[in-house]
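Shown next, in structure tokens, is the structure this report addresses.
The values are calculated or read from the model by the stated rules, or taken from the named source; none is laboratory data. Only a predicted model underlies this, so the values are computations on that prediction, with no experimental measurement involved. A quick note on method: Cβ atoms are made from the backbone with ideal geometry, for glycine too, and the neighbour counts reach across all protein chains shown. With ligands, DNA and RNA removed, areas are computed over all heavy atoms of the protein, side chains included. Shrake-Rupley method; radii C 1.70, N 1.55, O 1.52, S 1.80 Å.
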Amino acid sequence: MADLEPVPEDWSNALVVVAHPDDMEYGGAGAIARWTAQGKNIAYVLACRGENGIDSMEPSVCGPLRVAEQIASCVAVGVTEVEFLDHSDGTIEYGLPLRRDIAAAIRRHRPEFVITGNYRETWPGGGLNMADHIAVGRATVDAVRDAGNRWIFPELGLEKWEGVKYVAVASSPLATHAVDITDSFYASVVSLRAHKAYLEALSGDMADPATFLRSMAENAGKRFGGVLATSFELMTL
């Protein structure tokens with residue numbers, strides 16, 4: 001495989017758009033911590049509240065708990081602005097309502113850099129991706145274009161935004177770029193550990209933040225000079 005290129009950092013404002021609480025923390029939070037430490041402004045938008053994500057917990061209890069954990073997780077990497085779009089966890093559908101909601105967020109926040117989760121059918125290594133991730137990632141890519149066209153979703157009453165320069169897809173099997181997270185790796189572990197209730201319901205490697213994230217970072221670093229790294233599939237507009 002070819003070496004990964006450095007992610008451009010010639011931007012000031014970014015928007016993270018993912019499906020669930022914890023999605024960005026499984027691999028992408030180290031990059032977020034690096035960028036906020038540089039003084040960049042980053043906000044999060046989540047399509048749902050993760051209310052159906054813990055089998056042993058009723059959705060009415062789970063949703064508010066996971067929201068609180070996500071907010072704490074964001075604080076650990078220097079992010080204080082977090083929004084939830086209230087689509088239904090586990091049954092998020094790609095379509096105009098989702099694109100409209102994400103386009104509205106892009107117009108509100110006016111980022112130069114948009115980060116979303118892997119929307120490919122598989123993860124690096126071949127594991128099967130899930131429908132919510134695919135729907136939200138694909139809708140985010142499309143909503144970047146939607147947000148820049150004033151004739152699309154005019155009912156939002158928001159000024160169009162054509163200022164997005166890059167879209168970065170975290171944990172993509174088609175990664176092209178990477179970020180050195182050597183100095184922000186610990187913050188990424190703390191960020192994932194904030195999802196305490198969710199982690200307690202898991203088993204295996206994903207229940208151990210430090211081990212899981214270090215393995216991901218070392219694997220990405222094999223194509224990025226041997227440092228701890230986070231990889232992205234980068235699209236330039």
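A few comments on the model shown:
- Of all residues in region 184-196, exactly one satisfies the criterion of being open to solvent by less than 40 Å² (accessible area, probe 1.4 Å) and either touching a Lys or Arg at 6+ places or on another chain (Cβ under 7 Å) or of a type in the set (D, E, K, R) (or both), namely Ser184.
- Note on region 181-205: residues that are over 17 Å from the mean Cα position of the chain (by Cα) and not hydroxyl-bearing (Ser, Thr, Tyr) total 9.
- For Pro124, the conditions (1) touching a residue at least 60 places away in the same chain (Cβ under 8 Å); (2) crowded, with 18+ Cβ neighbours inside 10 Å all hold with the exception of (2).
- Of the helices (runs of 4 or more DSSP H) lying entirely inside region 1-112, those containing at least 3 residues that are within 27 Å of Arg193 (Cβ to Cβ) span 29-37, 59-76.
- Selection over region 28-77 of residues that are crowded, with 20+ Cβ neighbours inside 10 Å and closer than 25 Å to Ala175 by Cα gives a count of 16.
- Single match in Arg214, Arg223, Arg138 (criterion: part of a loop (DSSP other than H, G, I, E, B) and surrounded by 15 or more Cβ atoms within 10 Å (Cβ to Cβ)): Arg223
- Residue within region 57-71 that is among the small types (Gly, Ala, Ser) and in contact with a helix residue (DSSP H, G or I) (Cβ under 8 Å, 6 or more places away or on another chain) present: no
- Restricting attention to region 157-195, the residues that are under 19 Å from Val18 (Cβ atoms), assigned to a helix (DSSP H, G or I) and not polar (S, T, N, Q) add up to 5.
- The lone exception for Thr116 - which of (1) buried (at least 16 other Cβ atoms within 10 Å of the Cβ); (2) part of a helix (DSSP H, G or I) it fails: (2)
- Entry remark, region 82-96: residues being on the phi < 0 side of the Ramachandran plot and open to solvent by less than 80 Å² (accessible area, probe 1.4 Å) number 8 in total.
- Residue selected from region 184-212 under the condition aromatic (Phe, Trp, Tyr) and in contact (Cβ under 8 Å) with a residue 12 or more places away in the chain, by the criterion farthest from Asp55 (Cα to Cα): Phe185
- Considering Asn149, Asn129, the condition of being among the polar types (S, T, N, Q), surrounded by fewer than 22 Cβ atoms within 10 Å (Cβ to Cβ) and more than 30 Å from Lys196 (Cα to Cα) is satisfied by Asn149 alone.
- Considering each residue of region 150-172 in turn, none proves to be farther than 24 Å from Trp35 by Cβ and under 18 Å from the mean Cα position of the chain (by Cα).
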